[in-house]
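Peer 1: Here's a structure for you.
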Amino acid sequence: AKPPEALVAHWKFEPGEAGMMADTSGNNLHGRLKGKARIYADPARGHVLRLEGDKDWVDCGADRRFDLTDAITISVWIKVGSFDNEWQAIVAKGNGAWRLQRDQATDTLEFACSGVIVPGPWPAWGSLRGRTSVNDGKWHHAAGVYDGRRLSLYVDGQLDASAPAVAF
């Protein structure tokens with residue numbers, strides 16, 4: 001499948017219809033707030049999504065436009081109060097696709113894309129583990145990029161980890 005030439009989805013977390021998170025990309029891939037997920041005003045970042053527990057999340061549906069396999073970039077601002085579960089998802093299309101998440105029980109991030117392998121003495125199944133702690137109560141920009149040849153993870157504009165990745 002050819003990667004999209006434009007933005008697939010963009011959520012600014014502007015106040016709107018109760019229980020909804022509007023997609024401002026024009027693709028109408030709106031999210032539905034689940035559990036205690038809420039949009040609120042943050043003095044540093046404007047309107048943000050707040051998730052306080054493991055039953056808080058946003059359901060953005062299963063639209064085929066999220067089935068990105070040739071290339072993908074996931075970009076988020078996060079502020080972690082505390083991680084409380086291993087592999088805690090930040091943005092994910094389930095466990096069998098792409099995801100930006102907590103790396104196991106560490107304070108760092110992992111970017112993973114199923115369907116690719118990271119070669120090496122201990123090959124990882126589409127997984128790239130970061131080194132920068134984000135579990136400090138401060139705002140961090142994180143981005144995971146797969147360009148068809150490499151997986152790269154950026155934290156606060158700096159390359160945190162990168163490795164060749166081969167589709168299988």
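The values are calculated or read from the model by the stated rules, or taken from the named source; none is laboratory data. What you see is a predicted model, and the numbers here were worked out from it, not measured in a lab. With ideal geometry, Cβ positions are generated from the backbone for all residues, glycine too; neighbour counts draw on all protein chains shown. All accessible areas refer to the heavy atoms of the entire protein, side chains included, with ligands and DNA or RNA removed. Shrake-Rupley method; radii C 1.70, N 1.55, O 1.52, S 1.80 Å.
Peer 1: Looking at region 5-17, I want the residues that are farther than 15 Å from D59 by Cα and have a partner that is modelled with pLDDT under 85 and open to solvent by less than 70 Å² (accessible area, probe 1.4 Å) with Cβ atoms under 8 Å, at least 6 apart or on another chain. Which pairs are those?
Peer 2: V8/L68
Peer 1: Quick one: is V91 among the β-branched types (V, I, T) and either assigned to a loop (DSSP other than H, G, I, E, B) or closer than 24 Å to S114 by Cβ (or both)? Break it down into steps so the answer makes sense when it comes.
Peer 2: Numbers: among the β-branched types (V, I, T): yes; either assigned to a loop (DSSP other than H, G, I, E, B) or closer than 24 Å to S114 by Cβ (or both): yes.
Yes; evaluated as a whole, the condition is true for this residue.
Peer 1: Name the single residue, out of those in region 42-78 being in a strand (DSSP E or B) and in contact with an Asp or Glu (Cβ under 7 Å, 6 or more places away or on another chain), that is most open to solvent (accessible area, probe 1.4 Å). Break it down into steps so the answer makes sense when it comes.
Peer 2: Of the residues in region 42-78, the ones in a strand (DSSP E or B) are 42, 46-50, 57-59, 72-78.
Cutting the leftovers down to in contact with an Asp or Glu (Cβ under 7 Å, 6 or more places away or on another chain) gives us 47-48.
On the way: H47: 64, V48: 13 Å².
Taking the candidates together, the pick is H47.
Peer 1: Of the residues R65, R50, R102, which single one is touching a residue at least 40 places away in the same chain (Cβ under 8 Å) and basic (K, R)? So that I can check it myself, show each step before the final result.
Peer 2: Values: R50 fails: touching a residue at least 40 places away in the same chain (Cβ under 8 Å); R102 fails: touching a residue at least 40 places away in the same chain (Cβ under 8 Å).
Just a single option satisfies the conditions, and that option is R65.
Peer 1: Being open to solvent by less than 70 Å² (accessible area, probe 1.4 Å) and either closer than 23 Å to F168 by Cα or part of a loop (DSSP other than H, G, I, E, B) (or both) is true for just one of G81, G96. Which residue is that? Spell out how you get there, then give the answer.
Peer 2: Numbers: G81 fails: open to solvent by less than 70 Å² (accessible area, probe 1.4 Å).
Just one listed residue meets the conditions, G96.
Peer 1: Another one. For region 152-167, name all the residues that are part of a loop (DSSP other than H, G, I, E, B) and surrounded by 15 or more Cβ atoms within 10 Å (Cβ to Cβ). Show your work before the answer.
Peer 2: Taking region 152-167 and keeping what is part of a loop (DSSP other than H, G, I, E, B), we get 156-157, 165.
Listed by number, the list holds a single entry, A165.
Peer 1: Checking H30 against (1) free of Cβ contacts under 8 Å to residues at least 60 places away in the same chain; (2) more than 17 Å from the chain's Cα centre (by Cα): exactly one of these is not met. Which one?
Peer 2: Among (1) free of Cβ contacts under 8 Å to residues at least 60 places away in the same chain; (2) more than 17 Å from the chain's Cα centre (by Cα), the lone unmet condition for H30 is (2).
Peer 1: Please verify whether region 108-121 includes one or more residues that are more than 25 Å from S25 (Cβ to Cβ) and open to solvent by 60 Å² or more (accessible area, probe 1.4 Å).
Peer 2: Checking region 108-121: at least one residue is more than 25 Å from S25 (Cβ to Cβ) and open to solvent by 60 Å² or more (accessible area, probe 1.4 Å).
Peer 1: Tally time: how many residues in region 10-41 are more than 17 Å from K79 (Cβ to Cβ) and surrounded by fewer than 13 Cβ atoms within 10 Å (Cβ to Cβ)?
Peer 2: 7
Peer 1: What is the number of the single condition among (1) part of a loop (DSSP other than H, G, I, E, B); (2) under 14 Å from the mean Cα position of the chain (by Cα) that A112 does not meet?
Peer 2: (1)
Peer 1: I'd like the residue in region 61-79 that is within 16 Å of the chain's Cα centre (by Cα) and over 19 Å from A112 (Cα atoms) and, out of all such residues, is modelled with the highest pLDDT. Spell out how you get there, then give the answer.
Peer 2: Let us first name the residues in region 61-79 that are within 16 Å of the chain's Cα centre (by Cα), namely 61-62, 65-69, 71-79.
Now restrict to residues that are over 19 Å from A112 (Cα atoms): 61, 79.
Values: G61: 92, K79: 95.
Top of the filtered list is K79.
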